[in-house]
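Since the structure comes first, as structure tokens, the remarks are kept for the end.
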Amino acid sequence: MTAKRTQMEPKFEHQKVEQTITQKWEKADAFKTVRDPNKKPYTILLPPPNASGKMHTGNVLMIAIEDLLIRWKRMQGYSALWVPGTDHAGFETQVTYERELSKQGKSRLDFDRNTLYDSIWKFVQDNKGLIEEQIKQMGASVDWSRYTFTLDPKALEVVHNTFEKMVNEGLIYRDDYVVNYCPALGTTFADLEVNFVERKDPLYYIKYGPLTVATVRPETKLGDTALAVNPSDPRYQQYIGKEIEFEDVMGKNKLPVIADSYVDMEFGTGILKVTPAHDKNDYEIGIRHNLEIKSVIGLNGRMAENTRKYAGMKVKQAREEIVKDLQNLGLIEKIDYEYVHLVPVSYKGEKEIEPLVLPNWFVKVDSLKKPALDAVLNGDVKIFPKWREITYVRWMEEMRDWPISRQVVWGIRIPAWYNVQENPEITVTFLNKQGKVETGLISDLLKNYSFEEIESGLQNLVAPKNAKFIVSKNKPNGQYLQETDTFDTWFSSGQWPLTTLGYPESEDFKYFYPTDVLETGWEIIRLWVSRMIMFGIYMTGQPPFKNVYLHGMVRALDGRKMSKSLGNIINPDEYMEKYGVDALRMGLISGTANGKDFAFPKDKVIGYRNFTNKIWNMARFMLMMMDKYEEENNSTAIPEYEKLNKNDLTDEDRTMINGLNELIRSVDNSLEIFRFADAADAIYHYMWDELAAKCIESVKVREDKRIALSVLRHIFKECLKLLHPFMPFVTEAVWEKVSEQDNSLLALTSWPKEE
RNA sequence: GGUCGAAUAGCUCAGCUGGUUAGAGCACUGCAUUCACAUUGCAGGGGUCACAGGUUCGAAUCCUGUUUCGACCACCA
């Protein structure tokens with residue numbers, strides 16, 4: 001024992017310790033959670049990071065906070081369960097994979113759907129080890145036996161069942177919809193996933209007979225089905241309700257002039273060309289005025305057949321040609337080359353969005369959103385920090401029907417099946433046996449190809465909005481093709497609490513649902529949090545969690561958002577290597593108190609690295625003093641604090657003990673209301689300013705070393721417990737030295753109580 | 001355009017319902033090293049709490065307005 005004590009190195013070597021402690025926890029299977037009927041459950045589900053991605057600073061903060069809560073509750077005696085998982089990350093992963101493909105000179109269009117899916121599956125399997133390793137490296141006390149991937153069979157099962165229930169209850173419908181389609185990436189994006197970038201484009205003033213219209217997109221004029229003016233615009237009163245005739249690039253043309261208050265009199269000439277098929281606002285005007293929806297741009301980003309001489313051209317090329325033709329016809333009044341406007345792009349990749357009309361799958365949200373809103377308003381779900389609640393409330397109040405279909409392969413395929421005989425209007429694209437792409441109506445293609453050949457080479461299909469379908473997990477008997485669209489990832493991750501806990505039958509679900517805290521970044525409160533609450537209530541009658549804690553975004557050292565283009569991304573690995581996991585976790589946790597965004601607190605990380613070393617040396621010194629005492633006193637051991645006669649304590653001792661009691665109280669109070677930084681700060685200052693600076697210093701000169709050391713050891717051990725959820729490695733490592741019990745794990749000891 | 005938030009020491013941030021000389025970490029200055037830790041100890045400097053009004057016995061804290069930043073949402077073709 002004596003020999004072991006003095007072996008402590010003078011420096012805390014975080015890398016070595018992190019490894020051995022991780023192994024120790026693993027070996028003891030310390031974080032496998034048992035459903036103990038005598039304990040209360042406490043549950044957190046890890047928001048699943050991208051399976052083929054790597055850890056970023058935000059993930060580190062997320063794990064630090066969740067691990068803190070879970071370790072705290074575990075020590076308090078709860079059946080504390082933290083379920084880890086990873087996300088298939090839909091189109092994001094597909095885009096990454098396609099980048100790999102293009103290095104080999106290939107693209108997704110060279111494969112049929114199933115082959116492509118299988119190879120992305122393999123790609124993800126090959127890459128997902130990294131993020132799992134990083135979660136372990138962080139010291140996350142998750143229960144790996146319950147690890148879930150968003151495409152696990154049990155996830156598909158839950159998502160299919162939910163979908164089926166919704167279809168049966170009339171909550172799912174198909175409709176045409178102007179979608180944010182990205183021809184380059186081959187899929188649609190939700191409004192939330194669209195960003196706008198500023199760009200300078202020519203603004204063309206084009207003559208429509210007696211009227212002139214300003215537009216940056218002359219090529220869409222081929223899809224115009226009306227001109228619109230503001231009903232109170234005095235300039236154009238005589239045209240409202242009339243039809244005007246005019247010269248156009250494809251010959252004589254005529255359009256009705258309608259009045260709609262959407263039109264801004266100030267912009268351009270105050271006249272709007274209405275193109276319902278290629279603009280969201282125009283689409284709505286079209287619905288209001290019962291206009292024809294004329295589509296002139298296809299899914300491939302090229303002009304459609306009905307544009308005759310422009311058919312097959314890319315949009316930009318068609319724009320140039322049309323401008324040229326208009327100029328030749330003298331139909332361009334002027335061009336404003338200085339016009340700056342905002343162009344929609346997808347939120348990843350910056351590729352341009354082309355609004356198109358496509359049949360889509362929708363969720364009717366009217367009956368779902370009310371209970372989800374009420375759950376927050378009446379406090380069943382509490383949001384921290386409180387001021388973020390308004391974001392949620394506004395969103396739920398204004399929520400519109402939710403388009404859930406995406407045209408990516410990498411995702412959960414919608415389990416709807418179309419009978420090809422009953423739906424001759426389905427447009428199918430497939431690779432035939434020779435590897436050539438064929439597109440056409442299924443009824444035509446079946447004249448030249450067998451159903452089996454089409455089925456096995458299927459790339460995608462577009463079914464009309466009124467197509468007949470049946471919902472089934474497995475292929476029905478007969479000639480059925482499955483919908484090729486996949487679910488929006490938020491449709492499936494919105495059911496994460498159900499999936500991870502094995503809804504509806506499993507014991508886990510019965511014991512752990514609803515969970516206690518959903519901890520995540522505020523930027524996905526709409527995308528994710530709202531959907532989980534909706535699905536949770538819809539399927540189980542109960543919201544999936546009681547509290548939502550939203551952490552702030554970690555900004556770069558320059559205080560700006562981290563981004564590749566600014567080159568200011570902080571790689572957490574470097575900090576873990578240099579200062580240790582504990583220091584990084586503690587630094588991030590105390591970087592912000594209340595969920596606000598904050599700049600990466602580099603100085604705090606360094607400060608807490610110093611703190612780890614301080615703790616290490618406090619232990620080292622205490623053990624040295626104990627060794628010395630025992631040597632001098634014929635191996636008389638220092639008595640347990642519990643066995644001391646409390647009358648022997650000095651005033652100093654009592655002051656320290658009082659301070660400890662206060663500390664325990666304030667740590668608990670702060671953690672209850674998610675004030676992590678306050679708790680961290682309190683422990684730091686008690687340990688450094690009181691325990692190290694006063695208590696240890698006084699032990700050096702105390703006569704009654706027996707009592708003094710016993711008190712010191714007691715307080716030190718209690719402090720290690722308090723600190724453990726924040727800095728698990730150094731505390732566990734020091735515990736190993738000071739606990740004097742074999743195989744005792746600090747992670748599994750009881751949380752301190754006030755005396 | 002709508003909404004939310006922020007402005008406190010050189011830097012990054014605390015300061016919860018208004019109450020003694022405004023705090024922390026890092027940075028800075030001076031001193032200390034055979035006594036666990038220089039990733040240390042001791043001592044110290046540094047703030048008209050964005051600005052202007054108001055409420056109050058009392059305001060960094062509450063109210064109003066102004067300025068400047070940040071983010072989110074919606075977008076004018």
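The values are calculated or read from the model by the stated rules, or taken from the named source; none is laboratory data. Because the structure is predicted, anything quoted here is derived from the model rather than measured. Positions of Cβ are generated from backbone atoms using ideal geometry, with glycine treated the same way; all protein chains shown enter the neighbour counts. Side chains included, ligands, DNA and RNA excluded: accessible areas come from the protein's heavy atoms. Shrake-Rupley method; radii C 1.70, N 1.55, O 1.52, S 1.80 Å.
One residue alone among A:LYS254, A:LYS207, A:LYS200 is more than 9 Å from RNA strand B (Cβ to nearest atom), of a type in the set (Lys, Arg) and surrounded by 15 or more Cβ atoms within 10 Å (Cβ to Cβ), and that residue is A:LYS207. Can you find a residue in the range A:62-75 that is more than 24 Å from A:ILE673 (Cα to Cα) and buried (at least 20 other Cβ atoms within 10 Å of the Cβ)? Taking every residue of the range A:62-75 in turn, none turns out to be more than 24 Å from A:ILE673 (Cα to Cα) and buried (at least 20 other Cβ atoms within 10 Å of the Cβ). When A:PHE535, A:PHE512 are checked against the criterion of being within 23 Å of A:ILE65 (Cα to Cα) and either surrounded by 23 or more Cβ atoms within 10 Å (Cβ to Cβ) or at pLDDT 95 or above (or both), a single residue qualifies: A:PHE512. Against the test of being more than 23 Å from the chain's Cα centre (by Cα) and closer than 16 Å to A:ILE533 by Cα, the options A:ASN360, A:ASN378 yield a single qualifying residue, A:ASN378. Being open to solvent by 10 Å² or more (accessible area, probe 1.4 Å), more than 16 Å from RNA strand B (Cβ to nearest atom) and under 23 Å from A:PHE246 (Cα atoms) is a property that A:ASN290 has.
Residues that are surrounded by fewer than 19 Cβ atoms within 10 Å (Cβ to Cβ) and within 16 Å of RNA strand B (Cβ to nearest atom) occur in the range A:15-27; there is at least one.
A quick yes/no check of all residues on (1) aliphatic (A, V, I, L, M); (2) out of contact with any strand residue (DSSP E or B) (no Cβ under 9 Å at 6 or more places or on another chain); (3) open to solvent by 10 Å² or more (accessible area, probe 1.4 Å); (4) more than 30 Å from A:ARG706 (Cβ to Cβ):
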residue: A:PRO572; (1), (2), (3), (4): no, yes, no, yes
residue: A:MET576; (1), (2), (3), (4): yes, yes, no, yes
residue: A:GLY580; (1), (2), (3), (4): no, yes, no, yes
residue: A:GLY595; (1), (2), (3), (4): no, no, no, yes
residue: A:ALA599; (1), (2), (3), (4): yes, no, yes, yes
residue: A:ASP603; (1), (2), (3), (4): no, yes, yes, yes
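Listed here are the residues, each with its yes/no results for (1) within 11 Å of RNA strand B (Cβ to nearest atom); (2) out of contact with any Pro (no Cβ under 7 Å at 6 or more places or on another chain).
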| site | (1), (2) |
| --- | --- |
| A:LYS221 | yes, yes |
| A:SER232 | no, yes |
| A:GLY286 | no, no |
| A:ILE297 | no, yes |
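Applying the selection to the range A:359-372, what residues are away from RNA strand B (no atom under 16 Å from the Cβ) and assigned to a helix (DSSP H, G or I)? Across the range A:359-372, the qualifying residues are A:ASP366, A:SER367, A:LEU368, A:LYS370, A:PRO371, A:ALA372. A:ARG706 meets the conditions (1) free of Cβ contacts under 8 Å to residues at least 24 places away in the same chain; (2) part of a helix (DSSP H, G or I); (3) surrounded by fewer than 18 Cβ atoms within 10 Å (Cβ to Cβ) in every case but one. The failed one is (1). The requirement of being open to solvent by less than 70 Å² (accessible area, probe 1.4 Å), modelled with pLDDT under 95 and either of a type in the set (Ser, Thr, Tyr) or not in a strand (DSSP E or B) (or both) is not satisfied by A:TYR262.
Considering A:LYS106, A:LYS32, A:LYS54, the condition of being among the basic types (Lys, Arg), open to solvent by 40 Å² or more (accessible area, probe 1.4 Å) and over 21 Å from A:PHE149 (Cα atoms) is satisfied by A:LYS106 alone. Within the range A:97-115, being touching a helix residue (DSSP H, G or I) at 6+ places or on another chain (Cβ under 6 Å) and touching a residue at least 24 places away in the same chain (Cβ under 8 Å) holds for A:TYR97, A:ARG108. For the structure I just gave you, tell me whether A:ILE412 is under 17 Å from A:PHE91 (Cα atoms) and modelled with pLDDT of 90 or more. So A:ILE412 fits the description; yes.
Give A:LEU644, A:LEU671, A:LEU660 a once-over and let me know the one that is in contact (Cβ under 8 Å) with a residue 24 or more places away in the chain, within 14 Å of RNA strand B (Cβ to nearest atom) and not acidic (Asp, Glu).
None of the others qualify; the one that does is A:LEU671.
To keep it simple, each residue is scored yes or no on (1) among the hydrophobic types (A, V, I, L, M, F, W, C); (2) under 44 Å from the mean Cα position of the chain (by Cα).
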residue: A:ASN610; (1), (2): no, yes
residue: A:ASN613; (1), (2): no, yes
residue: A:ALA619; (1), (2): yes, yes
residue: A:MET622; (1), (2): yes, no
residue: A:ASP627; (1), (2): no, no
residue: A:LYS643; (1), (2): no, no
residue: A:ASP648; (1), (2): no, no
residue: A:ARG654; (1), (2): no, no
residue: A:GLU662; (1), (2): no, yes
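Among the numbered conditions (1) in contact (Cβ under 8 Å) with a residue 60 or more places away in the chain; (2) assigned to a helix (DSSP H, G or I), the only one that A:SER295 does not meet is (2). Any idea which of (1) within 15 Å of RNA strand B (Cβ to nearest atom); (2) among the hydrophobic types (A, V, I, L, M, F, W, C); (3) in contact with a helix residue (DSSP H, G or I) (Cβ under 8 Å, 6 or more places away or on another chain) is the one A:LEU722 doesn't satisfy? Only one criterion is unmet by A:LEU722, namely (1).
One line per residue, one yes/no per condition, for (1) in contact (Cβ under 8 Å) with a residue 24 or more places away in the chain; (2) under 28 Å from A:GLY330 (Cβ atoms); (3) out of contact with any Leu (no Cβ under 8 Å at 6 or more places or on another chain):
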position	(1), (2), (3)
A:ILE240	no, yes, yes
A:PRO256	yes, yes, no
A:ALA259	yes, no, yes
A:HIS278	yes, yes, no
A:ASN281	no, no, yes
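How many residues are more than 19 Å from A:ARG217 (Cα to Cα) and acidic (Asp, Glu) if we restrict to the range A:252-265? So the answer is 1. The residue that is modelled with the highest pLDDT, among those in the range A:622-658 that are open to solvent by less than 70 Å² (accessible area, probe 1.4 Å) and over 17 Å from A:ILE707 (Cβ atoms), is A:LEU623.
Going through (1) touching a helix residue (DSSP H, G or I) at 6+ places or on another chain (Cβ under 7 Å); (2) surrounded by fewer than 18 Cβ atoms within 10 Å (Cβ to Cβ); (3) more than 18 Å from A:LEU712 (Cβ to Cβ) one by one, A:ARG609 falls short only on (2).
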